[in-house]
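The values are calculated or read from the model by the stated rules, or taken from the named source; none is laboratory data. Keep in mind the model is a prediction, meaning the values are calculated, not measured. Heads up, the Cβs are rebuilt from the backbone with ideal geometry, glycines too, and the neighbour counts pull from every protein chain shown. Side chains included, ligands, DNA and RNA excluded: accessible areas come from the protein's heavy atoms. Shrake-Rupley method; radii C 1.70, N 1.55, O 1.52, S 1.80 Å.
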Amino acid sequence: PKVRAQSYSSSTSIILNDEWTDNKGQIKDGEIYIPIEFIASRLNAFITVGQDITIEKENKITINLEEKLLHTESGEIIKLNLFFKDDTIMLPLDVLKHLGYDVVYLKDKLLIRIRNKDAVLTDEQVYVKYKDTLKNEINKI
């Protein structure tokens, strides 16, 4: 199932494994998107841009921008909703599932946790650790 977001905000805070990031996910039509630069810089994924985009981390995926299709190593082909914002490709958060990450929407709050095998804390521990930071972020809205 796709990760859906509340519609009362246009962005959501992101925690990567056990650490708060200053990055925001963009909410559009109830779906959460992240800039491709987040995947490269925060997840240390290797990205090759040509006619298609190839992203390699735990797994390898290829995105055909013209047809908006994601191709996985296992041969799966998935239709993507993606868009451009400020000359940046915005990809659905669910793309990360194909790179070896779990995506969790915590406590129906404006908080997304992206985790892989390196995560130590439980989702509840992460929420407790960052609930004050989250409250401050919500007050900025």
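Things to note:
- Residue in the range 119-132 that is exposed (fewer than 14 other Cβ atoms within 10 Å of the Cβ) and assigned to a loop (DSSP other than H, G, I, E, B) present: yes
- Qualifying position, being polar (S, T, N, Q), over 14 Å from the mean Cα position of the chain (by Cα) and part of a strand (DSSP E or B), among 21, 62: 62
- Verdict on residue 78 being farther than 26 Å from residue 20 by Cβ, open to solvent by 20 Å² or more (accessible area, probe 1.4 Å) and touching a strand residue (DSSP E or B) at 6+ places or on another chain (Cβ under 9 Å): yes
- Restricting the range 101-118 to residues that are modelled with pLDDT of 90 or more and under 14 Å from the mean Cα position of the chain (by Cα), the residue that is surrounded by the fewest Cβ atoms within 10 Å (Cβ to Cβ): 102
- Residue 38 being part of a strand (DSSP E or B) and of a type outside the set (A, V, I, L, M): no
- Summed over the range 81-91, residues that are touching an Asp or Glu at 6+ places or on another chain (Cβ under 9 Å) and either open to solvent by 30 Å² or more (accessible area, probe 1.4 Å) or in a loop (DSSP other than H, G, I, E, B) (or both) total 1.
- Residue match in the range 44-53 (condition: in a loop (DSSP other than H, G, I, E, B), touching an Asp or Glu at 6+ places or on another chain (Cβ under 8 Å), closer than 22 Å to residue 20 by Cα and not aliphatic (A, V, I, L, M)): no
- Meets criteria (of a type in the set (A, V, I, L, M), under 14 Å from the mean Cα position of the chain (by Cα), surrounded by 14 or more Cβ atoms within 10 Å (Cβ to Cβ) and modelled with pLDDT of 90 or more) for residue 39: yes
- Pairs with Cβ under 7 Å, 6+ apart, first in the range 117-141 and more than 19 Å from residue 105 (Cβ to Cβ), second at pLDDT 80 or above: 118/17; 120/18
- Odd one out for residue 96 among (1) open to solvent by less than 20 Å² (accessible area, probe 1.4 Å); (2) at pLDDT 90 or above; (3) part of a strand (DSSP E or B): (3)
- Residue within the range 12-24 that is open to solvent by 70 Å² or more (accessible area, probe 1.4 Å) and in contact with a helix residue (DSSP H, G or I) (Cβ under 7 Å, 6 or more places away or on another chain) present: no
- Qualifying positions in the range 46-75 - open to solvent by 80 Å² or more (accessible area, probe 1.4 Å) and more than 22 Å from residue 118 (Cβ to Cβ): 49, 51, 66, 67, 74
- Qualifying residues in the range 1-18 (those that are hydrophobic (A, V, I, L, M, F, W, C) and not in a strand (DSSP E or B)) - the one modelled with the lowest pLDDT: 5
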